Every structure is written in C-alpha cells, then in structure tokens.
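Have a look at the structure below before the remarks.
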Amino acid sequence: MAPAYDPTSPFKGVKDLVDHNVLSLPSAYIKPFEKRHNPQEVFEGIDLPRVDLQSKTAMEDIKFACEEWGFFELINHGVPEDVIEDMVKNTHTFFNLSTTEKMKYFSEDVFNPMRFCTSLTPSKESYLDWHDHLQHWFKCDNLNNHPYPNIPIHYGEVTKNYVKNMQILGKKLLIVMSKALGLHENKLQEIYGNEEMIVRLNYYPPCPDPERALGLNPHSDSGGITILWQDQVGGLQIQKEGKWYNVRCNSNALIVNVGDQVEIITNGIFKSVIHRAIVNRNLYRMSMASFFNPCAQAIIAPIQELLDKQNPAQYKARLSKDYIGDIYNKYIEGKNVKRED
Ligand code: OGA
Ligand code: NI
C-alpha cells in the first residue's frame, strides 16, 4: 500500500492539522474496521491494581499486579509533585510551539537521541496514529550530553531532573520486583547494567472522528518497565483476557507496566500486556511515558534461578538492542514477544 503520509504536505503532525481546522478525519488516519475502538466492548467496573510503594504489602501487591495484570497504579512513589508539574508545563509549551519550530527536531529515525515525530515512522505506515510526540533516548549514566529543544529555555534542566527522579523510581521498582520473584534484590539491576531510558512525550489533540481513529495502536512495550504519567483526560486502555479496560486517572499516581524484556527475563511470570490509547472529540490529552530499559548490550534471557524441569525456558536469549531494534523498525501492532513453544 502507498505510504499514507506526504512529507511535502503543509500539515506536519496532528496538532498542525487541528490548527488548520481540519474538520473531517483525513483518510490516512482512518483505521480499518476491525482495528477501531468500539466503546461497547470496553469493560467498565473493574479497576486495575493499586500499589502503595510505602505500604508493608507493596511487594506482594506488585507481584500480584505483574503476574495477573502486567499493569498497576502506583501511589506514594516518591517523585515530587513539582518535578512532575514542571515537566508537564515544559511539555505543553513545547507542543504549543509553532510547527516550524517543532519541525527543526523532526526525524523518522527512531534511534535518534531526540526526535519530534507524529505517529511512529509516518512515511512507512499505512494507517497513522492520531498523536504527535517528542522522544528522548537517554543513556542514564550520561545525562549531561543530551540534546534538548532550545525553547522553552529551561527544557533541558527540567527534563534532566525528571529523568533522574524516574531513574530513582525505576531502580526501586527493580529491587521490589527482584524480591517479589524470590531473587536477590539486585538481580534485575545486574541484568539491566547501565540502564537506558526513553522518555516519550505523547500529545493527543482533539479528533474530529474519534471512533474511526486511534491515538496509539494496540501494542506491548518492548523495553523493561514503563512508568507513565497521564493527565486527567483519560484514554489509556489495557487488554486482559480479550477485554478492554479503561485505566483511571488519579492525579497523584503513576501507571507502571511490565515490558516485553521483563516478561522474557522472568520467563513469563511477569507479563507484558497489550494496551492502546483512544482519542476524543473535544480535549487535548497528554501523557509522558518513561521506558526504563536494560542497556543495549544486556543479554535478555530467562533467569536460570526461575527455571527447572517443570518450568523450562520459554524464550531465546537476545541482546537488548537487537530486540528493541526489531520492534522499532516496524509498525507497532499487538504483542511482539512470543514464547518459543
Ligand atoms: C506508550 C503508551 C500510553 C498513553 O507511549 O507506549 O502506551 O496513554 N502510551 O499515552
Ligand atoms: Ni505503550
């Protein structure tokens, strides 16, 4: 099929379309019928697990959530409110810059340390997602040598502070998750090595035809663990046993989910789960996803201590970078990690 995106088009991303008062959904954004979101199919009434990181039961609660849901809502996570607020303001300011200013950072190379883009790699996709994003790929041991947009002027400082806090939280989660698996508390960190973090700032403008479009195609996250902040608008949905569930928005909470690589490392005990973002007719929505990932050279394979005769390894060993590379070079769709059975 012909690429859906015309790079010579004056419309650069979804915010730009909305700013040009596009009143009907351009055909490039119309999802095939079977991929659309059907509000009737969304299961209401069950909330995903909530974990209080300060509580005595945090470890068991995380174990249950990662085994049964692959997702949880995290409160008392220790990331100061002002750190999040500053990052949110920064991000809003960036997305509200002129298209010309944002396009200075446009790139379709998913491995760029910093890139502004729309959908994922629009010139290669048959159907586009209704969102724009700014993505940073950090080597966590070297946050100082990272490119940032020039405006807003404090962008780099604020972002670095946010990433450091996400890194501290990520490390805490690795400890609790290691213990929850009955392993030494440093086990997951040892596999990770010098961690990397991809911060993906997602911006979902109002959509003229939300039922035929999607903000983010159904996918599982390809990294280690994801820590997501979302605003109060809502739109994140997760799939469990074939049903879709809305993820609630609690302003003090972060959403944590298991990525494909942690599923592999735990030999499937912790599960990465398919999720998607829907859009709405009237409101702008923003989310900030921090993918806390093993270093590029980390060997991603089931941990020996979790294996025995009854539980043989279900996944092949691969380098983290090969794993992420494979996934990032094609359109995200469904779950990528497969058991070798
Ligand atoms: C992602 C993601 C969900 C959201 O960036 O991988 O799943 O609600 N984001 O934006
Ligand atoms: Ni995701």
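So if each residue of separation counts as 0.36 nm, and I subtract the Cα-Cα distance between SER55 and LYS171, what length gain in nm does that give?
Values: separation 116, 0.36 × 116 = 41.76 nm, distance 1.75 nm.
Extending this stretch completely gives an extra 40.0 nm.
Taking all protein chains together and a probe of 1.4 Å, list ARG248, ARG285 from the most accessible to the least accessible.
Per-residue accessible area, sorted high to low, gives ARG248, ARG285.
Suppose the chain between ASP326 and SER27 were pulled fully straight at 0.36 nm per residue; how much longer would it get relative to their current alpha carbon spacing? Intermediate values should be presented prior to the final figure.
Numbers: separation 299, 0.36 × 299 = 107.64 nm, distance 2.80 nm.
Length gained between ASP326 and SER27: 104.8 nm.
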Task: Karplus-derived 3J(HN,Hα), 6.51/-1.76/1.60, for each residue of the range 267-278, Hz, glycine and proline x - done: 6, x, 5, 9, 10, 8, 10, 6, 9, 8, 10, 9
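Please compute the volume of the convex hull spanned by the alpha-carbon atoms of the range 285-328 and report it per residue in Å³.
124
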TODO: Would you mind computing, in nm to one decimal, how far apart the modelled labels at GLN310 and GLU157 are, each placed 7 Å from Cα along Cα→Cβ?
DONE: 5.7
TODO: Note the full-extension length gain between SER107 and GLN232 as 0.36 nm times their separation in residues minus their Cα-Cα distance, in nm to one decimal.
DONE: 42.1 nm
Task: Share of alpha-carbon pairs per 20 Å distance bin for the chain, given as whole % - done: 32, 60, 8, 0
Task: Exposure of THR100 as accessible area (Å², to 10), given a probe of 1.4 Å and all protein chains - done: 110
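Cβ neighbours within 10 Å, averaged per peptide: list 55-61, 276-282 in order, most packed at the top. Intermediate values should be presented prior to the final figure.
On the way: 55-61: 14.0, 276-282: 18.3.
Packing proxy ranking, top to bottom: 276-282, 55-61.
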Task: Cα-based reach from LYS243 at 17 Å (exclusive), listing lysines while leaving out same-chain residues under 8 positions away - done: LYS35, LYS271, LYS335
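The values are calculated or read from the model by the stated rules, or taken from the named source; none is laboratory data. A quick note: this is a predicted structure, and the numbers were derived from the prediction, not measured. Heads up, the Cβs are rebuilt from the backbone with ideal geometry, glycines too, and the neighbour counts pull from every protein chain shown. Ligands, DNA and RNA are excluded from the accessible area calculation, which covers all protein heavy atoms including side chains. Shrake-Rupley method; radii C 1.70, N 1.55, O 1.52, S 1.80 Å.
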